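The values are calculated or read from the model by the stated rules, or taken from the named source; none is laboratory data. Note that this is a predicted model, so its numbers are computed, not measured. We place every Cβ from the backbone using ideal geometry, glycine too, and count neighbours over all the protein chains shown. For accessibility, only protein heavy atoms count, side chains too; no ligands or nucleic acids. Shrake-Rupley method; radii C 1.70, N 1.55, O 1.52, S 1.80 Å.
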Amino acid sequence: MDWKVRVPLRVDLSGGWTDAAPFTEQHVGALVNFAIDKFQIYNGREMSCDWLGMGLGTSGAYNVIKAVVEDGLNDLGKILIRAYERELQENICGMQDMAASTYGGLNYWEFYQEQFYRTPIPVTEEVRTGLQDLAVLVNTGKSRSPRHYFVYANYPYVEPILVKLSEIATRMRDELLSENMPRVRQLVKDTWYWQNRIPTVGTPEIERLINMADAGKVCGAGGGGCVLLLFENEKRLEAFKEKQKEVILFKIWEKGVETSEGEIQ
């Protein structure tokens, strides 16, 4: 398809929900995510995306394109902030979706109030194998739920869970930098344990899928959408694919927002 602006979608690996107020007004939210080769596209006339409602950050990607096309921005930091401002006009949200779509790659993020700090994580062969070649997405067939209705209406109850998720994301950064993929898988399991303490996140179908993998978690808000599943080896992955025919393969995408003339730096 011809395109004038293209931005990647994302998979959140750990720390989801810690990137938004009120948590970021009192704590530093920590999060690890990576961009993938699934895109929101603007062709000069209209937007298009095949991955709506799957928990892959499509609304954030939409607003990144708006910041480029309608606001005429070409500085990555300004694009991210403007896309976030646009998103806040319609949604209670954090910055992580816009951040992944703007910068691309695998990153550790810290969010405090309206500030963000980015630590790129090298996508080495070991990391790529663990997060891409031995991983799949599976769509539950149900649209993901809007996260803020429960999380922020019940913030005092959810706050300790968000603290745990933020702590796990910081450890995730360290294990990825050390290329310790067994520990990364364990931290994905720990992330799911705490995610699933929030009543709106898990469903029987999500539980079934995660129990078939060596590690897994929901993408985005949960309640539906995609599930990220990680496997220890190719044999385990192939056995899963035989049982679950419809899987979504992906690649880690190291570019951020692009125009048809090239990547915005």
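Around residue 47, with a cut-off of 13 angstrom between Cβ atoms, what is the net charge of the other residues, counting Lys and Arg +1 and Asp and Glu -1?
Summing Lys/Arg as +1 and Asp/Glu as -1 gives +1.
For residue 78, what is the net charge nearby, where nearby means another residue's Cβ is under 12 Å from its Cβ and Lys, Arg count +1, Asp, Glu -1? Could you put the intermediate results ahead of the total?
Details: positive: 82; negative: 71, 75, 85.
Once positives and negatives cancel, what remains is -2.
How large, in percent, is the carbon and sulfur part of the accessible surface of the chain at a probe radius of 1.4 Å?
With neighbouring chains kept in place, the figure for the chain is 46 percent.
Can you tell me the length gained on complete extension of the stretch residue 153 to residue 193, counting 0.36 nm per residue apart and subtracting the Cα distance?
Roughly 12.3 nm would be gained on extension.
Across bins of 10 angstrom width beginning at 0, how are the C-alpha pair distances of the chain distributed, in whole percent?
Per 10 Å bin, starting at zero, the Cα-Cα P(r) for the chain comes out as 7, 33, 38, 19, 3 percent.
Loop-only check: which trypsin sites (Lys or Arg not before Pro) in the range 1-100 are DSSP coil with at most 14 other Cβ within 10 angstrom?
Sparse-neighbourhood loop trypsin sites (Lys or Arg not before Pro): 45.
Rounding to the nearest 20 debye, state how big the charge dipole of the chain is about its Cα centre with +1 on each Lys and Arg Cβ and -1 on each Asp and Glu Cβ.
With Lys and Arg at +1 and Asp and Glu at -1, about 580 debye.
Averaged per residue, what accessible area in Å² does the chain show with a 1.4 Å probe, protein chains only? Provide the component values of the computation, followed by the final result.
On the way: 11560 Å² over 265 residues.
Accessible area per residue: 44 Å².
First measure r as the distance between the Cβ atoms of residue 243 and residue 37, then evaluate 1/(1 + (r/R0)^6) with R0 = 30 Å and state the FRET efficiency to the nearest 0.05.
The pair residue 243/residue 37 has a calculated efficiency of 0.75.
Which pairs break 29 Å Cα to Cα here: 217/255; 4/189; 38/189; 38/245; 164/241; 217/243?
Pairs exceeding the cut-off: 4/189; 164/241.
Lys and Arg at +1, Asp and Glu at -1: add these up for the other residues within a Cβ distance under 13 Å of residue 27 and post the number.
Details: positive: 164; negative: 19, 25, 110, 159, 167.
Net local charge, residue 27 excluded: -4.
What percent do you get for the relative contact order of the range 1-152 when only Cα pairs under 8 Å and 6+ apart count?
Relative contact order comes out at 28 percent.
Name the long-range amide H neighbours of residue 230: under 5 Å, sequence gap of 5 or more, or other chain; modelled H, no Pro or chain starts.
214, 215, 216
Given labels modelled 7 Å from the Cα in the Cβ direction, how far is it in nm from residue 48 to residue 183?
Modelled inter-label distance: 4.4 nm.
If I stretch the segment between residue 174 and residue 112 completely, what's the gain in nm (0.36 nm per residue apart, minus their alpha carbon distance), one decimal?
20.3 nm
Using all alpha carbons of the range 1-153, what is the percent of pairwise distances in each 10 Å bin, ordered from the shortest bin to the longest?
Cα pair-distance distribution for the range 1-153, in percent: 11, 41, 36, 12, 0.
Relative contact order of the chain, please, whole-number percent, based on alpha carbon pairs below 8 angstrom and at least 6 residues apart.
Values: 567 pairs, mean separation 76.3, N = 265.
This gives 29 percent for the chain.
Starting from the 7 Å offset along Cα-to-Cβ, what nm value, one decimal, do you get for the label separation of residue 200 and residue 235?
4.3 nm
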